[in-house]
Amino acid sequence: MDADVVVIGGGPVGATLAMCLGRAGRRVMVLEKSRFPRDKPCGEGLLPSGVGVLGRLGVDLAGEGFPALTGVRYRLPGGGSAKGTYRSRTGCGVRRTRLDALLIERAATTPGVSIALGCPATEIRIEDRRIRVESRAGSLTAPALVGADGLRSTVARWLGWDRPPRGVSRYGLVGHLSVDGAAPDEVVVTLLRGREVYAAPTARDELLVAVLGRRGALRNPGWSVEETYRAIVDEAHPELAGAPLSSRVRGAGPFRVGPSQVAAGGTFLVGDAAGFTDPLTGDGIAAGLVQAEALARFLVQDPASAAARYREWRAGQWRRRRLVSGLALGLSGSATLARRALGGLGRRPAALQSLLEVNDGTRSLASVAPRDWAALAGF
């Protein structure tokens, strides 16, 4: 065997998985089609659970200059807001151009880990007790293969596990704005008419701002993508009117996709390749990092049972993520419900804190008190 595990995809999830396995004494080969730094449309708000995973690997995001996030504020234009504060630890705003490069560099210095950048995988073949991966660099064999190659996973398609997006298709427009003075230390989600504007600091003087909604809600007739994006952002954040773009506006979606399977035999999917709900909850990167840590643990403890254990573990995580996403989308789709919910959560901030912990995976749904659910209903 050329490696114990081949990982296709060297983004934050693939690089984190490689570090976890390498530190446990496994030989890992990471194939990544891109070169770094690279930019990707992404929420770029890392929840505390993801910060914790990287901290256990010795990656100090605060020490690297990434801005801290103290919580999430939901609001309506013209008044009405509620903030939930992270109680266990802070989150981080993470610019993908910096985060991806940092993590792949750390992975490359981990004993047992080899990285091939600019090297796309071209084919996989499952053979007797091993998996053969063809790439631009040649042929590799390993007993385990992990697809960490994102929302439109090629590995999932090769395995026959990919499925089309479900439900109403939602999309996003993502850009970055330069701001004067210090950026806020919280994620701000503004609920507009059929659209949401998600803003998070990615540097001391820069904000990621993403506009989310159905396709028709993200393009004004006769306007360019950038003109539509600026108009929606200005409506949600008048204080940002005229702020210069520091990146081009990129599109993303459709969201809410999930493969038919995430693990079988020696093949696995992690991160967005294993399923994505909606950017509105901001849990995507953190959920993927937690998946990577869990999968590495299963592979190290008992490779023979790793697929079954990972399927069961991830099913619980997926149920929780879908429920939280459904709640968020249900509230954002109704101004009346959103106004009632924000009123109740504003009167009881502990309720929103509890729901944020459910979203982050540090609290179970069963532990949320009835009065917290009542606050979400506006009582």
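Quick one: which residues, 5+ away or cross-chain, put their amide H under 5 Å from the amide H of Arg170? H built at 1.01 Å from N.
Under 5 Å from the amide H of Arg170: Phe255.
Cα centroid distance between the range 207-277 and the range 141-192, in Å?
The range 207-277 and the range 141-192 have Cα centres separated by 8 Å.
Between the DSSP loop rule and a limit of at most 15 other Cβ atoms within 10 Å, which trypsin sites (Lys or Arg not before Pro) in the range 76-178 are left? Walk me through the numbers before you get to the answer.
Details: sites: Lys83, Arg87, Arg89, Arg95, Arg96, Arg98, Arg106, Arg125, Arg129, Arg130, Arg132, Arg136, Arg152, Arg157, Arg166, Arg170; in loops: Arg87, Arg89, Arg95, Arg129, Arg136, Arg152, Arg166.
Listed in order of number, the matching sites are Arg87, Arg89, Arg129, Arg136, Arg152, Arg166.
Going highest first, how would you order 275-283, 230-238 by mean Cβ packing within 10 Å?
Details: 275-283: 24.6, 230-238: 18.2.
Most protected by this proxy first, the peptides run 275-283, 230-238.
Determine the relative contact order of the range 325-376: mean sequence separation of Cα pairs under 8 Å and six or more apart, normalised by residue count, in whole percent. Can you show the working numbers first?
On the way: 33 pairs, mean separation 20.2, N = 52.
Result for the range 325-376 is 39 percent.
Highest mean first, how do 365-373, 196-204 rank when packing is the count of other Cβ atoms within 10 Å averaged over residues? Before the final figure, lay out the partial values.
Values: 365-373: 12.2, 196-204: 23.1.
By packing density, highest mean first, the sequence is 196-204, 365-373.
Give me Leu218, Leu240, Leu46 sorted ascending by neighbouring Cβ count inside 10 Å, so fewest comes first. Don't skip to the answer; put the middle values down first.
Values: Leu218 21, Leu240 17, Leu46 27.
With the fewest neighbours first, Leu218, Leu240, Leu46 line up as Leu240, Leu218, Leu46.
Mind checking the full-extension length gain between Leu117 and Ser139? Use 0.36 nm per residue of separation minus the Cα-Cα distance, one decimal, nm.
Details: separation 22, 0.36 × 22 = 7.92 nm, distance 1.54 nm.
Contour length minus the Cα-Cα distance gives 6.4 nm.
In the chain, with Lys and Arg counted as +1 and Asp and Glu as -1 at Cβ, which of these residues, Ser334, Ala15, Ser153, has the Cα nearest the positive end of the dipole, that is, farthest along it?
So the residue we want is Ser334.
Only counting other Cβ atoms within 10 Å, I'd like Trp161, Trp223, Trp318 sorted with the fewest neighbours first. All intermediate terms of the calculation are to be shown ahead of the outcome.
Values: Trp161 21, Trp223 12, Trp318 17.
The order, fewest Cβ neighbours first, is Trp223, Trp318, Trp161.
By counting other Cβ atoms within 10 Å of each Cβ, how are Phe379, Phe255 ranked from fewest to most? Intermediate values should be presented prior to the final figure.
Numbers: Phe379 12, Phe255 23.
Going from sparsest to densest Cβ surroundings: Phe379, Phe255.
Please tell me the relative contact order of the chain in percent, rounded to the nearest whole number, where contacts are Cα pairs under 8 Å and at least six residues apart. Numbers along the way, then the final one.
On the way: 826 pairs, mean separation 79.5, N = 379.
RCO, the chain: 21 percent.
Tell me, what ³J(HN,Hα) does each residue in the range 374-379 have, in order and in whole Hz, if you take phi through Karplus 6.51 cos²θ - 1.76 cosθ + 1.60 with θ = phi - 60° and put x for Gly and Pro?
In residue order, the calculated couplings are 4, 4, 5, 7, x, 9 Hz.
Based on Cβ point charges of +1 for Lys and Arg and -1 for Asp and Glu, what charge dipole magnitude is obtained for the chain about its Cα centre, in debye rounded to the nearest 20? Provide the component values of the computation, followed by the final result.
Details: 51 positive and 35 negative charges, 205 e Å.
Value, rounded to 20: 980 debye.
Which residues among the range 1-19 fall inside the zone where the amide N is under 11 Å from a point 7 Å beyond the Cα of Glu127, along Cα→Cβ?
1-2, by backbone N distance to the label point.
Could you give the length gained on full extension between Val368 and Ala264, defined as 0.36 nm per residue of separation minus the Cα-Cα distance, in nm? Before the final figure, lay out each step's value.
Working: separation 104, 0.36 × 104 = 37.44 nm, distance 3.38 nm.
Contour length minus Cα-Cα distance gives 34.1 nm.
Here, each number is a calculation from the coordinates, and none is a lab measurement. Note that the structure is a prediction, hence the values are computed from the model and not measured. Ideal geometry is used to build each Cβ from the backbone, glycine not excepted, and the neighbour counts take in all protein chains shown.
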